[in-house]
Structure formats: structure tokens, C-alpha cells
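> Shown below is the structure under consideration.
Read-outs: derived from the displayed coordinates by stated rules, not from any lab. Note that the structure is a prediction, hence the values are computed from the model and not measured. A quick note on method: Cβ atoms are made from the backbone with ideal geometry, for glycine too, and the neighbour counts reach across all protein chains shown.
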Amino acid sequence: MSKIKTSVIGASGYGGAEAVRLLTSHPHVDIVHITAESQQGRVMSSLYPNLRHFVDQEMVAVDAERIGRDSDVAFVSLPSGKAMHLVPALLEQGCKVIDIAADFRLRDASLYPVWYKFEHEAPSFLAEAVYGLPELHHDLIAETRLLANPGCYPAASLLALAPLVRAGVIRPAGIVIDAKTGISGAGRGGGGGFAYSEVNENVRAYGVAGHNHTAEIEQELSGLAGEAIQVVFTPHLIPMTRGILATAYATLAGDLSQEEALSLYDESYGTAPFMRVLHDALPETKATLGSNYCDVTVRIDTRTRTAIAIAAIDNLGRGAAGQAVQNMNLMCGLPETSGLLFPALYP
């Protein structure tokens, strides 16, 4: 079969660079364009030395029409609020689009000013965009031309909670999600407070009672439950480079044993190639580092009638670029695992 022609828009950031890294060794892919407005004219491997002799292409400016004509699939990895200006032109040229940022994750355009502080300028595309979590929307992903890649925190949180919510064994009110991430989640630009001297030997919460990923989590959980769900979501920054550990707490709706709870996860994820349900261990970020795997489990606290669901992912892998490549595989009729079947890095 002929190879899929792909382009990565925004390749200088961590998410875009990770997509390039995965695509360059994908057996069914050719990379035709790599863009980076801030680094145009520079060779990709000079910015990311791990790509020497793998990706020595020059990064160019964005030309949506040209990229759309030349590509079967375009990955857009830009700050939220940027992709919506490019996606219509890409789609018009017959190119499939995977947005790694947030521009098409929320179905309700009125939520963007609330959670992202901008008006959506391509709202007509929100209805057709498919939320790219295969464990929730596998068949729709295979049919779409516009894919909204999940956020890193929502990917971990939703995979932790989905079996419980889908089965109706927890109460929809009072769900609390406590999540931790490494500093690469802030992107290559980082920003204030991400210097080594400030992050090392330090843990801090941020986005308390207002993190924009909350809307995404609530949208997908509400769809699973068939009723409105609101969650308390608090992220924390910890001194490591990559990884997310999400711990969710939910009140049981009735009696549920530990064995019954784990059976729900086995049933939900039994055929999902990148889900590993742990029975006798707890998820840890190191076990998923650099991979597309999600380790997940649940524990039942019978004393307080609480389900404690835990998931670990790599924020740049399953939380961004790895998930995007998995979605590309589905969209293009490839085996879901193509280019992604490798273990995590350890230690």
C-alpha cells in the first residue's frame, strides 16, 4: 500500500515534536511538511537533537492550502485558539485533520469564551469533530475527517472513570479528580515559574476551580452517564519531565465489591490495545514513560463507600502525540497499533 502523506503544523513544540518522532518511524507514513513559525528555516534536528539522521527536514512557514493539497493527514499542534483559523482550509483541500490542541474538543461554542477566553471562529465544524478517545468513540473516529485529540489530563481522568460512569455504579455528584503532571505539560515555551530552581523539590497546585480541561472531562462523562456531571478537578505540577497520574474519587451508588469493580474495567478495556488494567499493582508514571499505554485500576474503600480510580499515562504520548497517531491509524484504516507497539522507558 502507498504511504500516508502527513504534515505536522507546530513541530517546534513538545507535542508537535513528539508527533514527528513517532511518525518518522511509522511503517506506513511519509512526512511531507514540518512547520514552525518561530523556527522556520531551521532544520528540525538542530532543535531536537534526538532526531539527528531521522528528521533533517527544514521547518517552514504555514501554508494551509499547500499543506492540505500535499497531505493525507495534517497534525495541528498549536496553542489553543490557533487551529480553528487553519482547519477549514485544510479540510477544503481534502486533507484529514487531527487537532492536538483544544479548538474542536468542546461541542458547545458558547463554552470557549468561558473556559478558553476566546470566541470560536469556526463553530460550524464543532458538530462534525469527533473526540479522539478510542475507548469511547472508536467507530466514529474511523469515519471522521476532523479529529479533536483529547487533552492530557482528560485522557487520564476519563480512562480512569469511564467504566464506573458507564455502568452507573457511582453517583454523578461529588466526583473529585486529583492529578499530577510533569513540567513538559507546559510546553517548550514554559512560562513563568517553570525554571529548574523553582520546580525542583517543589509541588504546587494550579488552575484550581477553573482549569480549562474541566469542561472537556464533564462533557465526556455526561455523555457516558446520560445526565449532566460536574467534577472538582485540581491539577498539580511536580518535578519530573513527563507523565500524568490521575486519581479520581467517587461515591458508590450501591454495593460494589473490589472484584466486581475490576471486572468492569476488564470488560471495558479487554480489547483496547493500549489499556492495561492492573489487578495487583497500582499505576505509576514511570511504567508508561515515552509510550502510548495507559495503566489503570480501581480500589473500593468499603468503609467510606468510595471508588478510587487511578490512571497513569505519558502526557506527551497517550496524552498528546501517541494518541494522535493512534487516531490517525483508525482514520486511515490501519491497524490501531501501527507505529506504536513499543514498551515504555524504564528506569
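> Work out how far the C-alpha atoms of the range 185-255 reach from end to end along every principal axis, then list the three figures in whole Å, largest first.
Computed over the Cα atoms, the extents are 47, 26, 20 Å.
> Largest first, please: the extent of the C-alpha atoms of the range 65-115 along each principal axis, to the nearest Å.
36, 17, 13
> For n ≥ 4 DSSP H runs only, could you compute -39500 (n - 2.57) per run for the chain, divide by its residues and tell me the 222 nm figure to the nearest 500?
The helix-only estimate for the chain comes to -8000 deg cm²/dmol at 222 nm.
> Using the number of other C-beta atoms within 10 angstrom as an exposure proxy, rank Y48, Y14, Y346 with the fewest first.
Listing Y48, Y14, Y346 from fewest to most nearby Cβ atoms yields Y346, Y48, Y14.
> On to the next question. Sorting L140, L78 on the 10 Å Cβ count, fewest up front, what's the list?
L140, L78
> Continuing with the same structure: Counting Lys and Arg as +1 and Asp and Glu as -1, each charge on the Cβ, what is the dipole of the range 33-154 about the Cα centre in debye, to the nearest 20?
For the range 33-154, the charge dipole is close to 300 debye.
> With an 8 Å Cα cut-off and a minimum separation of 6 or more residues, compute the relative contact order for the range 286-333 in percent.
36
> While we're on this one: What's the Cα-based Rg to Rh of the range 154-209, Rh via Kirkwood?
Reported Rg/Rh (Cα atoms, Kirkwood Rh): 1.11.
> Here's a follow-up. Would you work out the charge dipole size for the range 102-202 about its Cα centre, treating the Cβ of every Lys and Arg as +1 and the Cβ of every Asp and Glu as -1, and quote it to the nearest 20 debye? Before the final figure, lay out each step's value.
On the way: 8 positive and 11 negative charges, 38 e Å.
That gives a dipole near 180 debye.
> Listed highest first by mean packing, meaning other Cβ atoms within 10 Å per residue, what order do 159-168, 323-332 come in?
323-332, 159-168
> Ranked by Cβ crowding within 10 angstrom, fewest neighbours first, how are E65, E18 ordered? Let's see the in-between values first.
Values: E65 13, E18 28.
Listed from fewest to most nearby Cβ atoms, that is E65, E18.
> Moving on. With unit charges on the beta carbons (Lys and Arg positive, Asp and Glu negative) and the dipole taken about the Cα centre of the chain, which residue among L316, V231, V296 sits farthest to the positive side?
The one lying farthest along the dipole's positive direction is L316.
> So for the chain: antiparallel DSSP bridges make up what percent, rounded to the nearest 5?
If I count the DSSP bridges inside the chain, around 45 percent turn out antiparallel.
> Which lysines, if any, have their Cα less than 25 Å from the Cα of K286, not counting same-chain residues under 8 positions apart?
Output for K286: K180.
> Kindly give the semi-axes, whole Å and largest first, of the ellipsoid equivalent to the range 153-315, taking each as the square root of 5 times a Cα gyration tensor eigenvalue.
Over the Cα atoms of the range 153-315, the ellipsoid semi-axes are 27, 18, 14 Å.
> In the range 153-315, what percentage of the DSSP-assigned beta bridges are antiparallel, given to the nearest 5?
70
> Please state the equivalent ellipsoid semi-axes for the range 205-294: what are the square roots of 5 times the Cα gyration tensor eigenvalues, largest first, in whole Å?
23, 22, 13
> Further question: Could you tell me the relative contact order of the chain? Use alpha-carbon pairs under 8 Å, at least six residues apart, and round to a whole percent.
Averaging sequence separation for qualifying contacts and normalising by length gives 17 percent for the chain.
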